[in-house]
Amino acid sequence: MKISDVQQQILEQLANIDAQRQNTNLNMISAEEIDYFVTTWPISTQNQLDDLEYRLQYEDNFKIMKIFKCYHSFFHKKAPKENKKGKSSDCQPKIEILIKLSAKDTIKKDVYVKDQIQLKDASEKNSNTNPFNEVHLWPSEWTYNQWIQKKDRYPWLICDDGKIGCLYCKNVGELKTCKSQGVEISTEWSQINVDGGTNSKLVTRLSILRHKISRHNRSKAHNFALNISREKTHSKLSTSFETSTSKHYQSTIKIFRTVYFIAKNNRPFDDHSDLVELQQMNGVLLGQTLHSRYSSTSIIDHIATKMRNKIVQNIIETNSKISILIDESTTNSSSSGMIIYLKASISYDSPVFIFLDLIELKSQTSINIIDQLLECLHQHGFTDIYLKEHWISFVTDGASVLLGKTNGVAARLKEKFPIIFSWHCINHRLELAVNDVLKDITATYHFKYFLDTLYSLYSRSPKNQNELKLHCESLNEIFLKIGRVLDVRWVASSYRTVKVVWKMYPALYKHFKEASEDKYRDQKTRSKYKGLCKRLESLQFLSDLALMYDVLSELSQLSLDLQSRDATLIQADKKIKRTIRVIDSLKTINGDYYAEAVEAIEQMMFKDIPLCNNIKLVCINKNQFITSIINNLNMRLLDNYEEDKIIIQDIQILDKKTWPADVNIRFGEQEVKRLCNRFLLNQEKTLRGLRILIDEETNEIEELNEINNLIKTIPCSTAECERGFSLMNIICTDIRSRLTIHNISNLMMININGPPLSIWDPEDYVKSWILHHRTADDNRSRKINRKEKESLKQNLWNIL
């Protein structure tokens, strides 16, 4: 029987009693009472049936339940008429049987179905008596009307053999989940074994029943069972919907995974159609649309936009503090872009760097940068109100347009968002300190010039590079490329260059020596190699090279430590001071490489190469060089600005290693109060956590989580922006130079923030996509016919 036919029969039964509405409780039911029933049917899906079942079970005010209750009251008060055959023409059982049939017998039978079996006989007797004492359809202490009233108030009541129980506790009582969560389901209620006792007085038994029902209704175990039952029903509906949706949109999900693969692996959009064709040849069903490069671009834009929305929504919902990092660069398409990163806590976890966007700058003035930055933040969901309370730091490089004291971007942002703490990238400061040393010590220019000459000699001539490689092989040495030293690159790059020259010293000497004696080269070239050879074998160069090796190794390690994603201001300050002490010690105790050079100079032999004294060259004065480095590091890296200095000192109060031996219980209160007032933190809670930290040994204190996350949220470097630009150059190569900034930003969003393909679930993205776009199985789109072009090699292909 079709459900639509069942509905028609129910409506006919309702029409049969329409004339009796004025004299019965059915008069309370208006036409709107069956609105859900009439408009929802005919029911055609399992989801609609599950929804009807859920509402019949759990919603007290559900309209169909009201109709049921009125039916019971009506047919109980008025006996049904006899037809000619002597049988009752009562339409109520028919209606309920049809409802039961329509819901696939999922409507509970505890009262409404059970009672209907006996309803004919019950209508023939007085309503205040119980003709079913033998059957015990409800407790003997109650009349039928009282039982119905109790069921109205407590829909979870069930009855068996005159005793009552709880439907939810019965269904949930056997689960192990209850005991594991510290909840004990009452055996009396779950096994339907509750009664009014054995007292001879009816009033006493009724009072006991009322008390037991009321207490159980308020109990923790009952509410736990109720929640479990509801979650089970919702999970059933959700699983049913997800299964049907997954089958219906399976082709679109596969298309989304293909597009996601392209974004994660930096492949061109044109690869999409080829990958789709490959999968179809392997038997994968991918529908007939969303196969073009244009579809790939749109899907990537949709995924990236939804990812941004999810990230920003999570940050706002968790009230996470945020830091913003920006940097500028130029793409291969000669477009000036500004990269924007966030550092924030996701779902109350430790703060992480998050790529937000890459925008094209209209102009590079401070006003325009601020306007475009705020426009980007507003576009992705951050409001000015939220930013005023949660934007705690702004980190960038040392460009004057960004950090100018009067009209710089940081200064203008502080006027609008007062709690912002502006910070100059500490890695850029390190480079500035090294450059200052070059200006102070002029002898370093000769060293830098010589290494730059080596870089030019081998980077511009493959022939020279191959010759050097042959010499390395003959000496059993590893060939390494020589880079620049002490230029715009960070210190780690300069250290690698010095290290390569130190390791390939014999190969370089052999190459220069042979080239200077090569008769097939012209006189000018031989003279050039002869000069390089004399410089390389000099005592002065070896001394400078060893000194640079020792110092740059320490500075390189410091630079790498400061580039770490989890580096905090406290950690950076410690590492800077430690590095300064180590470099200062090189004045009195020679480093490993400088000691080796001193020994080689005494023997006039280094790696089996004879050394000579070139009086025209001037060595770098070791003590003067080290002193200059220390002075510039102190001036550049250790903050001399009063505001920055105070904040760093206040933050260090939470580091136990900086505390004195005898600590008062109120130690550090003023510093913590300043931080709480500065960054709008919960002062009372933080002070309580500080006292626990002083009084106890543990460092895991819940009250300090907020201020600890604040400290971790403030980055000390913009190295993450530089990593973003490196990825941008990988994506936007010379071949793909026509990519727009917007598409590059979408690709970077997925590549940096997106999970690996193996764990990425595209279903949520597909559901939002189909609200405004077509699926891969849409028949309204024209199918693409791929025709292979005729080729002169057709006959060759035929035999292959």
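Selection over the range 738-773 of residues that are among the hydroxyl-bearing types (Ser, Thr, Tyr), open to solvent by less than 40 Å² (accessible area, probe 1.4 Å) and over 23 Å from Pro351 (Cα atoms) gives a count of 2.
Pairing residues of the range 399-417 that are closer than 11 Å to Ile369 by Cα with residues that are assigned to a helix (DSSP H, G or I) and of a type in the set (Gly, Ala, Ser), at Cβ distances under 8 Å and at least 6 apart in sequence or on separate chains, gives Val401/Ser366; Leu402/Ser366; Leu402/Ala410; Gly408/Ser366; Gly408/Ser400; Val409/Ser366; Arg412/Ser366.
Applying the set (1) part of a helix (DSSP H, G or I); (2) open to solvent by 10 Å² or more (accessible area, probe 1.4 Å) to Val498 leaves exactly one unmet item: (2). Restricting attention to the range 189-229, the residues that are under 19 Å from Lys170 (Cβ atoms), open to solvent by 70 Å² or more (accessible area, probe 1.4 Å) and assigned to a helix (DSSP H, G or I) total 4. Within this structure, Pro715 passes the test of being at pLDDT 90 or above, open to solvent by less than 10 Å² (accessible area, probe 1.4 Å) and assigned to a loop (DSSP other than H, G, I, E, B). Scanning the range 134-163 for residues that are within 23 Å of Ser229 (Cβ to Cβ) and among the aromatic types (Phe, Trp, Tyr) yields Trp138, Trp147, Tyr154, Trp156. Of the residues in the range 348-402, how many are among the aromatic types (Phe, Trp, Tyr) and closer than 27 Å to Glu431 by Cα? Total satisfying the criteria: 3.
Against the conditions (1) under 30 Å from Ser494 (Cβ atoms); (2) touching a helix residue (DSSP H, G or I) at 6+ places or on another chain (Cβ under 7 Å); (3) at pLDDT 90 or above, Val395 satisfies every one except (2). Condition first: within 22 Å of Lys577 (Cα to Cα), in a helix (DSSP H, G or I), open to solvent by 20 Å² or more (accessible area, probe 1.4 Å) and at pLDDT 90 or above. Can you find one or more residues in the range 682-696 that meet it? No, that holds for no residue. Please indicate, with yes or no, whether at least one residue in the range 659-674 is surrounded by fewer than 20 Cβ atoms within 10 Å (Cβ to Cβ), of a type in the set (S, T, N, Q) and more than 30 Å from Gly398 (Cα to Cα). Checked against the condition, which is being surrounded by fewer than 20 Cβ atoms within 10 Å (Cβ to Cβ), of a type in the set (S, T, N, Q) and more than 30 Å from Gly398 (Cα to Cα), the range 659-674 yields at least one hit. Do we have any residue at all in the range 283-296 that's within 28 Å of the chain's Cα centre (by Cα), surrounded by 20 or more Cβ atoms within 10 Å (Cβ to Cβ) and farther than 28 Å from His378 by Cα? Yes: one or more hits. For the range 398-416, the set of residues classified as modelled with pLDDT of 90 or more and either farther than 16 Å from Asp327 by Cα or loosely packed, with under 14 Cβ neighbours inside 10 Å (or both) consists of Ala411, Arg412, Lys414, Glu415, Lys416, listed by residue number. For the range 507-522, the set of residues classified as part of a helix (DSSP H, G or I), open to solvent by 20 Å² or more (accessible area, probe 1.4 Å) and not polar (S, T, N, Q) consists of Tyr509, Lys510, Lys513, Glu514, listed by residue number.
Rundown of residues vs (1) surrounded by fewer than 19 Cβ atoms within 10 Å (Cβ to Cβ); (2) of a type outside the set (D, E, K, R), yes/no style:
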{"residue": "Lys439", "(1), (2)": "yes, no"}
{"residue": "Thr444", "(1), (2)": "no, yes"}
{"residue": "Pro462", "(1), (2)": "yes, yes"}
{"residue": "Leu468", "(1), (2)": "no, yes"}
{"residue": "Phe479", "(1), (2)": "yes, yes"}
{"residue": "Val485", "(1), (2)": "no, yes"}
{"residue": "Trp490", "(1), (2)": "no, yes"}
{"residue": "Lys524", "(1), (2)": "yes, no"}
{"residue": "Lys528", "(1), (2)": "yes, no"}
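The single condition among (1) outside any helix (DSSP H, G or I); (2) farther than 26 Å from Lys645 by Cβ; (3) touching a residue at least 60 places away in the same chain (Cβ under 8 Å) that Leu480 does not satisfy is (3). In the range 239-262 there is at least one residue that is at pLDDT 85 or above, among the charged types (D, E, K, R), out of contact with any His (no Cβ under 6 Å at 6 or more places or on another chain) and under 30 Å from Pro756 (Cβ atoms).
The values are calculated or read from the model by the stated rules, or taken from the named source; none is laboratory data. Because the structure is predicted, anything quoted here is derived from the model rather than measured. A quick note on method: Cβ atoms are made from the backbone with ideal geometry, for glycine too, and the neighbour counts reach across all protein chains shown. When the accessible area is computed, the model is the full protein with side chains, heavy atoms only, and any ligands, DNA or RNA have been set aside. Shrake-Rupley method; radii C 1.70, N 1.55, O 1.52, S 1.80 Å.
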